[in-house]
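The values are calculated or read from the model by the stated rules, or taken from the named source; none is laboratory data. Please read all numbers here as calculations on a predicted model, not as lab measurements. Note that we place each Cβ from the backbone using ideal geometry, even for glycine, and neighbour counts take in every protein chain shown. The area values use the complete protein model at the heavy-atom level, side chains included, leaving out ligands, DNA and RNA. Shrake-Rupley method; radii C 1.70, N 1.55, O 1.52, S 1.80 Å.
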Amino acid sequence: MGQLRGAFGALMPVRVTAIASLTPLEELEADPFLVDSRSQHAMCARWAAERGYVVARELLVGGLRFDHCALWDGVRPGEDLFVAPSLRVLRRALSSVEEFTAECARRGVRVETVGRAEPSYDAHMKARVHRRLSMPTAGYDGR
């Protein structure tokens, strides 16, 4: 589990590109999970680890076109996959989920969603997200 055979028969780990949504901090009160990209990436990392996969890239994007080179750079057909926490996150991250999934099918690349419940955010959790995102250059790491 977690490996595929490469072109020459060697076992290769499945590399995962985790997609999170780039959502403005101003939307924290209304939709904290979409703003909290760290939790989105963590959800994808847990999903990948449970399957023996390796997260090779973490993308933080908003409204990105399905054919943008940032999505496809180094992606190996049949050997890599994309994962996002949910379809809702993909809708925010990409300009068109339908075009993206069609392009994935065309290129032979799987796209998955974690499909777990999003965390509930209390005032303390929202404050942590706010501090982390509003002070990135002050060396604050969000803990």
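Which count do you get for residues in the range 83-108 that are out of contact with any helix residue (DSSP H, G or I) (no Cβ under 8 Å at 6 or more places or on another chain) and surrounded by 12 or more Cβ atoms within 10 Å (Cβ to Cβ)?
10
Scan the range 61-77 and tell me whether some residue there is within 20 Å of residue 119 (Cα to Cα), in contact with a Ser or Thr (Cβ under 8 Å, 6 or more places away or on another chain) and open to solvent by less than 40 Å² (accessible area, probe 1.4 Å).
No - not one qualifying residue is present in the range 61-77.
Only one of 45, 18 is under 14 Å from residue 84 (Cα atoms) and surrounded by 20 or more Cβ atoms within 10 Å (Cβ to Cβ); which?
It is 18.
In the range 8-21, what residues are among the aliphatic types (A, V, I, L, M) and modelled with pLDDT of 95 or more?
Hits for the range 8-21 are 16, 18, 19, 20.
Just a yes or no: is a residue in the range 131-139 touching a helix residue (DSSP H, G or I) at 6+ places or on another chain (Cβ under 7 Å) and open to solvent by 70 Å² or more (accessible area, probe 1.4 Å)?
No: zero hits.
Scan the range 57-82 for residues that are among the charged types (D, E, K, R) and in contact with a helix residue (DSSP H, G or I) (Cβ under 7 Å, 6 or more places away or on another chain) and report the count.
2
(1) open to solvent by less than 40 Å² (accessible area, probe 1.4 Å); (2) in contact (Cβ under 8 Å) with a residue 40 or more places away in the chain: which one isn't true of residue 31, the others all being true?
All conditions pass for residue 31, except number (2).
Go through (1) under 19 Å from residue 124 (Cα atoms); (2) of a type in the set (A, V, I, L, M); (3) modelled with pLDDT under 95 for residue 35 and report which single condition fails.
It is condition (3) that residue 35 fails.
Which residue pairs have Cβ atoms under 6 Å apart, sit 6 or more places apart or on different chains, and have a first residue in the range 47-62 that is more than 15 Å from residue 23 (Cα to Cα) and a second that is outside any helix (DSSP H, G or I) and aromatic (Phe, Trp, Tyr)?
none
Hand me the list of helices (runs of 4 or more DSSP H) wholly inside the range 72-137 holding 3 or more residues that are within 15 Å of the chain's Cα centre (by Cα) and touching a residue at least 60 places away in the same chain (Cβ under 8 Å).
87-93
Any idea how many residues of the range 63-111 are more than 17 Å from residue 16 (Cα to Cα) and polar (S, T, N, Q)?
2
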